[in-house]
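The values are calculated or read from the model by the stated rules, or taken from the named source; none is laboratory data. Everything numeric here is computed off the predicted structure, so don't read it as measured data. Cβ: placed from backbone, ideal geometry, glycine included. Neighbour counts: every protein chain shown. For the accessible areas, the whole protein counts, side chains as well, though only heavy atoms, and no ligand, DNA or RNA atoms are used. Shrake-Rupley method; radii C 1.70, N 1.55, O 1.52, S 1.80 Å.
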Amino acid sequence: MGWENELIQALEKEIETDNSESFYDNSFYNDHEKYRNVYNFLGELIYVSFNPKSVIDLGCGAAFLLERLKALGVKKVCGIDGSESAKNSWPEHMKDVLKVQDLLKFDSKERYDVAVCMEVAEHIPGDKASRIVKRVTDSAGQYVWWTAAQPGQGGTGHINCQSICYWVRQFESCKFIPLWEYGYNAKMEMLKIKEIHSYPWFRDNLIVFKRVGR
């Protein structure tokens with residue numbers, strides 16, 4: 001076995017056993033403050049596009065997106081994050097709708113109009129990729145807003161960077177199809193926002209999915 005595979009296996013083991021203590025500490029979530037304006041814009045884009053009554057964010061981090069959606073008038077929001085450290089960044093008025101739980105074990109008891117999962121799947125070992133997709137689709141009543149790091153994208157704890165086509169196949173197996181035209185239009189809107197120019201993965205990795213038959 002080459003050193004590359006040994007390194008990947010070591011990273012996978014560390015993330016599976018102790019991710020909140022190794023990578024995802026308070027400083028990791030505090031650093032997300034620089035994304036607040038990006039999440040505010042994405043919240044507005046999701047709100048205008050889907051007019052949702054309910055939204056769930058799996059891997060919600062500091063919960064900026066849900067905070068903005070709630071302020072815009074979304075009646076029901078829910079956020080799930082896998083790290084205990086995330087709680088320290090949550091605003092007090094949001095803590096009743098946010099929960100720390102292993103995303104791979106999360107079992108949604110209901111479906112939300114839109115399920116969001118941004119820049120999460122690349123942190124999960126490849127042999128569990130289908131499980132995170134299943135958790136997201138089980139939570140989505142109609143739409144999924146999805147981004148995941150593509151090959152070559154740097155970042156903390158990235159161990160499963162995959163192409164857009166890879167994720168499309170995963171979602172199609174769960175009866176969700178990509179809305180290519182909508183995704184393109186959303187990306188064109190993002191090009192107008194200078195903050196996203198500094199963090200292009202929010203735009204470049206976007207895929208919007210819709211449940212088949214709805």
I want to confirm something. Restricting to the range 94-112 and keeping residues that are hydrophobic (A, V, I, L, M, F, W, C) and under 12 Å from R135 (Cβ atoms), which single residue is surrounded by the fewest Cβ atoms within 10 Å (Cβ to Cβ)? L104
Number of the condition not met by A115 [criteria: (1) small (G, A, S); (2) open to solvent by 20 Å² or more (accessible area, probe 1.4 Å); (3) touching a residue at least 40 places away in the same chain (Cβ under 8 Å)]: (2)
In the range 181-199, the residues that are of a type in the set (A, V, I, L, M) and without any contact (Cβ under 8 Å) to a residue 24 or more places away in the chain: M188, L191
Subset of the range 125-146 [surrounded by 16 or more Cβ atoms within 10 Å (Cβ to Cβ) and polar (S, T, N, Q)]: T137, S139, Q142
So which strands (runs of 3 or more DSSP E) stay within the range 95-214 end to end and still have 3 or more residues that are under 18 Å from L69 (Cβ atoms) and either under 14 Å from the mean Cα position of the chain (by Cα) or of a type in the set (F, W, Y) (or both)? 112-118, 140-147
Check on A86, open to solvent by 20 Å² or more (accessible area, probe 1.4 Å) and part of a helix (DSSP H, G or I): no
May I ask you to verify whether A149 is at pLDDT below 95, open to solvent by less than 20 Å² (accessible area, probe 1.4 Å), in contact with a Gly (Cβ under 7 Å, 6 or more places away or on another chain) and hydrophobic (A, V, I, L, M, F, W, C)? yes
Residues located in the range 186-213, provided they are among the small types (G, A, S), within 21 Å of A115 (Cα to Cα) and surrounded by fewer than 17 Cβ atoms within 10 Å (Cβ to Cβ): G213
Residues S130, S54: which one is touching a residue at least 24 places away in the same chain (Cβ under 8 Å), in contact with a strand residue (DSSP E or B) (Cβ under 7 Å, 6 or more places away or on another chain) and under 19 Å from Y143 (Cα atoms)? S54
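Table: residues versus (1) touching a Pro at 6+ places or on another chain (Cβ under 8 Å); (2) farther than 22 Å from Y35 by Cα; (3) in contact (Cβ under 8 Å) with a residue 12 or more places away in the chain.
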| residue | (1), (2), (3) |
| --- | --- |
| G152 | no, no, no |
| Q162 | yes, yes, yes |
| R169 | no, yes, no |
| L179 | no, yes, yes |
| W201 | no, no, yes |
Among the residues that make up the range 160-181, is at least one of them of a type in the set (A, V, I, L, M, F, W, C), closer than 15 Å to L45 by Cβ, crowded, with 21+ Cβ neighbours inside 10 Å and in contact with a strand residue (DSSP E or B) (Cβ under 8 Å, 6 or more places away or on another chain)? no
Could you list, in sequence order, all residues of the range 67-83 that are open to solvent by 80 Å² or more (accessible area, probe 1.4 Å) and in a loop (DSSP other than H, G, I, E, B)? K75
Considering only the range 36-62, state which residues are modelled with pLDDT under 95, over 26 Å from L104 (Cα atoms) and open to solvent by less than 30 Å² (accessible area, probe 1.4 Å). V38
